[in-house]
Amino acid sequence: MEYIKQSFNFKIEEPTVLSLGKFDGLHRGHELLMRYMAEKKTALDGLKAVVFTFDVPPQGKLHKTRPQVLTTNAEKVKLFEGVGVDYLIECPFTEEIRCMEPEDFIRKTVKSLNVKYLVVGKDFHFGHNRRGDYQMLQSFAGFYGYEVRVVDKMQKDGRDISSTFVREEISRGNIELANELLGYEFFVEGRILHGKHMGNAVLGIPTINLLPPEEKLLPPLGVYVTVTECQGSSYGGITNVGRKPTIGGNFPIGVETHLFDVSKDLYGEEAKVRFLSHVRPEQKFRSLDSLISQMKQDIQYGRAYYENTRRLR
């Protein structure tokens, strides 16, 4: 997959099928978009699948906020690589883009990307003040020489599956439901850092530490059953998302994981921590002995949950 981080200063020579959107988290609501693109690629030899998105959430840029995202840009690249996209375009959300009239956006996009087919959801909007929509795309299709496929939203319990829906469930700690909406387990990626070594030295329970990117949405502070991917292997474990209130100090919010039956040195390695289930909220204990006792209970529970999950797969 080719990863393009530009505005309209690029050109794709091959004919393309294009999907546009924010794509925060490649969730089940996007499945039909990706499926249609894959079908077109199979049916028409030489057609390339292109996804067009922005480098930051447009609403955050407009309101001068820093919204937390389901997937960082780096994580998004890996997800799209896994679904057969040929080009991922991460367009800077500049003032020029913000003020661009919808028809100008259509014309520039179709010309630059050699678009023959467009696939969008019914809630897709674009252009100045979000005046462009799927109906406008349809109205200009004949003039600019492309076809439009408009995809209905996939639903769960009568509600459209969307990034907002997924974010709400993660923020409530409803990890199982969030994973069902995503179609994969919510995850945090990063490099394993040297911490204070308190897990092993002080508590006798070794842990690995990740410091997630500032923009990454995290579930509520607490303990979770997780699976960690590192060096090509997967390890069950228990993860604390939080600030270590019992130990004290001004710790940033981190992702600290105890891996079941793993003693190898993983410092400096890249890891992905996949969340399976919420166990309990983070809390401050009266003593380190109380914390250690609770951690052992968490590990026992986590082992049983992880083993049961593996049997069901």
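The values are calculated or read from the model by the stated rules, or taken from the named source; none is laboratory data. Keep in mind that this is a model prediction, so the values were computed, not measured. Here Cβ is always computed from backbone atoms with ideal geometry, including for glycine, and neighbour counts include all displayed protein chains. Keep in mind that these areas ignore ligands, DNA and RNA; they rest on the heavy atoms of the full protein, side chains included. Shrake-Rupley method; radii C 1.70, N 1.55, O 1.52, S 1.80 Å.
State all residues of segment 215-234 that are in a strand (DSSP E or B) and either surrounded by fewer than 21 Cβ atoms within 10 Å (Cβ to Cβ) or modelled with pLDDT under 90 (or both); if no residue qualifies, say none. The answer is Lys216, Gly222, Glu229, Cys230, Ser233, Ser234. Out of Phe275, Phe285, one residue alone is among the aromatic types (Phe, Trp, Tyr) and either in contact with a Cys (Cβ under 8 Å, 6 or more places away or on another chain) or at pLDDT below 95 (or both). It is Phe285.
Under the condition of being open to solvent by less than 30 Å² (accessible area, probe 1.4 Å) and assigned to a helix (DSSP H, G or I), the residues counted in segment 1-35 number 4. Looking for something of a type in the set (Gly, Ala, Ser), closer than 20 Å to Ser171 by Cβ and either surrounded by 14 or more Cβ atoms within 10 Å (Cβ to Cβ) or in contact (Cβ under 8 Å) with a residue 12 or more places away in the chain (or both) - is there at least one such residue anywhere in segment 267-279? Checked against the condition, which is being of a type in the set (Gly, Ala, Ser), closer than 20 Å to Ser171 by Cβ and either surrounded by 14 or more Cβ atoms within 10 Å (Cβ to Cβ) or in contact (Cβ under 8 Å) with a residue 12 or more places away in the chain (or both), segment 267-279 yields at least one hit.
Of all residues in segment 36-54, those satisfying the criterion of being in a helix (DSSP H, G or I) and either among the hydrophobic types (A, V, I, L, M, F, W, C) or closer than 22 Å to Ser163 by Cα (or both) are Tyr36, Met37, Ala38, Ala43. Need pairs with beta-carbon distance below 7 Å; first residue free of Cβ contacts under 8 Å to residues at least 60 places away in the same chain and within segment 81-95, second outside any loop (DSSP other than H, G, I, E, B); sequence gap 6+ or separate chains. Taking only residues 6 or more apart or on different chains, the pairs are Val83/Met34; Gly84/Ala38; Gly84/Ala49; Phe93/Phe54; Phe93/Pro58; Phe93/Lys61.
A residue that is more than 30 Å from Ala74 (Cα to Cα), assigned to a helix (DSSP H, G or I), in contact (Cβ under 8 Å) with a residue 12 or more places away in the chain and open to solvent by less than 30 Å² (accessible area, probe 1.4 Å) occurs nowhere in segment 304-312. Being small (Gly, Ala, Ser) and in contact with a Gly (Cβ under 7 Å, 6 or more places away or on another chain) holds for only one residue in Ser171, Ser162, and it is Ser162. Taking strands (runs of 3 or more DSSP E) as the structural unit, those lying wholly within segment 108-198 and holding at least 2 residues that are touching a Lys or Arg at 6+ places or on another chain (Cβ under 8 Å), open to solvent by less than 40 Å² (accessible area, probe 1.4 Å) and at pLDDT 95 or above correspond to 115-121, 187-191. Run Arg66 past the list (1) open to solvent by 60 Å² or more (accessible area, probe 1.4 Å); (2) at pLDDT 95 or above and report the number of the one that doesn't hold. Condition not satisfied by Arg66: (2). Quick test of your reading of the structure: Thr42 fulfils all but one of (1) β-branched (Val, Ile, Thr); (2) open to solvent by 20 Å² or more (accessible area, probe 1.4 Å); (3) under 25 Å from the mean Cα position of the chain (by Cα); (4) within 28 Å of Gly183 (Cβ to Cβ). Name the failing condition by number. All conditions pass for Thr42, except number (3).
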